[in-house]
């Protein structure tokens, strides 16, 4: 019987545990929605229970794109390689890049490994989506595959899911913006920032929302929340919550055009004026 169903009934953790324990070979296809609520398909491939490759929708899965996202190639280098070596397989391209000393073999292995893990870790946050496991279906032979132990992936993915839930409580609104705490230059000199933190620093401005910063730097919700929260804890930035639209209080209306009901003081005043008028007659 084919393994297929919905993530609302069978979680990513359970799926990966089953594939790991049964030492399955094939490709798991999951259809769901990404952080921009766009329909995407993730293809995760395994050989004898080990994770070997992953692709996510239209996200660039070619070696050039992977190396560029990993910071191993500049944008100009990636563009020139695409133009001059178009049609080469990933294995052929990797060999040429190593020969040209643009990257090392370890650069390629680590970049692909991280790309695969990023795709799989993202699936842990998918609450809904359909899945199907195709036994025996593997990536094209031209792709570079890296065997990764699934037990490690499951433990780390579960940890990230819990952390993601906590971060969502700390930073629930990605439409908030950021500003530097006083004397940012002095603080930045005393802190060793990560690559993602340096990316965010250049976009810190009350006019830029966290969501816009994430999109500009190709960071998912988990990555941007974790990075921004770390910078907040370090006292580098602080949140500016979006202003809530003012809601006008509804005007009091009365049935059949009657005047609003008078207060006790108003009624007493009217009665006293009537008494005074009667006495003056």
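Read the figures in this text as sums done on the coordinates, not as results from a lab. Being a predicted model, the structure only gives us computed values, none of them experimental. Cβ sites come from the backbone with ideal geometry, for glycine too, and all protein chains shown count toward neighbours.
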> What nm distance separates the two modelled labels at residue 212 and residue 134, each placed 7 Å from Cα along Cα→Cβ?
Replying inline: 4.1 nm
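Within 10 Å of each residue's Cβ, count the other Cβ atoms and sort 111, 130 from fewest upward.
Details: 111 22, 130 14.
By the 10 Å Cβ count, ascending, the order reads 130, 111.
So what's the range 3-169 giving for Rg/Rh, alpha carbon basis, Kirkwood Rh from the mean inverse pair distance? Provide the component values of the computation, followed by the final result.
Details: Rg = 16.6 Å, Rh = 16.8 Å.
On the Cα set of the range 3-169, Rg over Rh gives 0.99.
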> So, in Å, what gap is there between the alpha-carbon centers of the range 74-100 and the range 128-178?
Replying inline: 28 Å
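Taking all pairs of distinct Cα atoms, average 1/r, flip it, and tell me the Kirkwood hydrodynamic radius of the range 171-240 in Å to one decimal place. Write out the running numbers ahead of the final one.
Numbers: mean 1/r = 0.0844 Å⁻¹.
Averaging 1/r across every pair of different Cα atoms and inverting gives 11.8 Å.
If we count other beta carbons within 10 Å of each Cβ, what is the order of 100, 142, fewest first?
Values: 100 9, 142 12.
Fewest-to-most Cβ neighbours within 10 Å comes out as 100, 142.
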> What is the spin-label model distance, in nm, from residue 13 to residue 194 if the labels are put 7 Å beyond Cα along the C-beta direction?
Replying inline: 2.2 nm
> Across the Cα atoms of the range 96-152, what radius of gyration and what greatest pairwise Cα-Cα distance (Dmax) are found, in Å?
Replying inline: 14.9, 45
